[in-house]
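Read through the structure below, which is laid out as structure tokens, and then see the notes.
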Amino acid sequence: MEFGAVELTVDAEYRVTAVATHDWLINPGVPIPREVTRVTGITDEHVAGKPAFASVAKAIHTVLDGAMVVAHNLAFDLNFLRLEFERCDLHWPTTVAEVDTLHISRAKLTDQRKHNLGHICGLFGVPLDNAHRATDDAEACGRVLLEFARRYNAPESVEDMIIWADAVGPPPSTGHIGIGEGGLPLFLDGEHKGERVDQHTDHLQWMTMALMRVNGGWHPRYPPELNEWIRRWLRARASGRFRANPRGAGPKDWGLDPAPWRLS
């Protein structure tokens, strides 16, 4: 019912030098539940006469394409957006990186019991006047990332910052995983060659542990840079709310959100 994105231009000290806002109210085609209206303030009257997602999908896709996408609990939003794009025959855009500030918060603010966006904004003094509205949340999230970068000495290069943020960028050029025409990672070799990696997350996890015999000793089957990318990709796709039970050792227990394309 609403999509918002805020482009932040920053200088070398992570100070914001320009802000560009993109916001669409969207008619979901169904009545908005009262609880959702209570949280967001958006009513059926607000979206009456507004376009359906399909009418603005290409414009939203353009905003995200080629960007460093930042969100709090990214996996939650990602599943909605990817499904809606697929309904419009659009692939997920090719991004520079996908950063989840929830992961950063849990890694850096280990003394905090809460890691919701409002709590972190309060800790960092980042304004969030209209929580749960798309552009307000988006800008606050971007500014929270900048505060983390300043306070925890984020590296200058994009490649190093992706690792620092435990984020997801393009897979390394090892010949095992690459970006397909649909903008999604594909297996380039092995039993799942040509298939999307999100359809075989159990195999991805196996790849990080697979060993082979070399000169009388056991060594990782896949390059370390690929294994690290897989671990970050799996963490980025994991739900921000779910914690896998350590007793569940089956391949279905990696704690990934049940994305619609995995249920078909």
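Annotation for region 1-99: trypsin sites (Lys or Arg not before Pro) lying in DSSP loop with at most 16 further Cβ atoms inside 10 Å of their Cβ are Arg15.
Label-to-label distance for Thr174 and Thr37 is 5.2 nm, based on points extended 7 Å past Cα in the beta-carbon direction. Remark: relative contact order (the chain) = 17 percent; criterion is Cα-Cα distance under 8 angstrom and separation of 6 or more residues. The trypsin sites (Lys or Arg not before Pro) of region 142-215 that meet both conditions, a loop assignment by DSSP and at most 15 other Cβ atoms within 10 Å of the site Cβ, are Lys193.
Cross-link partners of Lys50 among aspartates and glutamates, defined as those whose alpha carbon lies under 17 angstrom from its own and excluding same-chain residues fewer than eight positions apart: Glu2, Asp23, Glu84. With no solvent and one point on each alpha carbon, what is the Debye value of log10 I(q)/I(0) for region 1-102 at q = 0.11, 0.14, 0.17 Å⁻¹? Listed by q, the Debye log ratios stand at -0.40, -0.63, -0.91. Between the beta carbons of Thr17 and Arg87, assuming R0 = 35 Å, the FRET efficiency works out to 0.45 to the nearest 0.05. Fewest neighbouring Cβ atoms within 10 Å first, the residues Met1, Met209, Met68 line up as Met209, Met68, Met1. Full extension of the segment from Asn153 to Lys193, taken as 0.36 nm per residue of separation minus the current Cα-Cα distance, would add 10.5 nm.
Applying the criteria of a DSSP loop state and at most 15 other Cβ atoms within 10 Å to the chymotrypsin sites (Phe, Trp or Tyr not before Pro) of region 63-154 yields Tyr152. Estimated purely from DSSP H runs of n ≥ 4, each contributing -39500 (n - 2.57), the mean residue ellipticity at 222 nm for the chain is -11500 deg cm²/dmol once divided by its residues.
One chain, two ends: Leu123 and Asn215. Fully extended at 0.36 nm per residue, the span grows by 27.8 nm beyond their Cα-Cα distance. When exposed loop sites are taken as GluC sites (Glu not before Pro) in a DSSP loop with at most 15 other Cβ atoms within 10 Å, the longest stretch of the chain clear of them is 14-155. Stokes-Einstein diffusion for the chain, with the hydrodynamic radius set to the Kirkwood value over Cα pairs and evaluated at 10 °C in a medium of 1.306 mPa s, equals 79 µm²/s.
Here the chain is treated with +1 on each Lys and Arg Cβ and -1 on each Asp and Glu Cβ, and its dipole about the Cα centre works out to around 980 debye.
Here, each number is a calculation from the coordinates, and none is a lab measurement. Since the structure is predicted, the reported quantities are computational estimates derived from the model, not experimental observations. Positions of Cβ are generated from backbone atoms using ideal geometry, with glycine treated the same way; all protein chains shown enter the neighbour counts.
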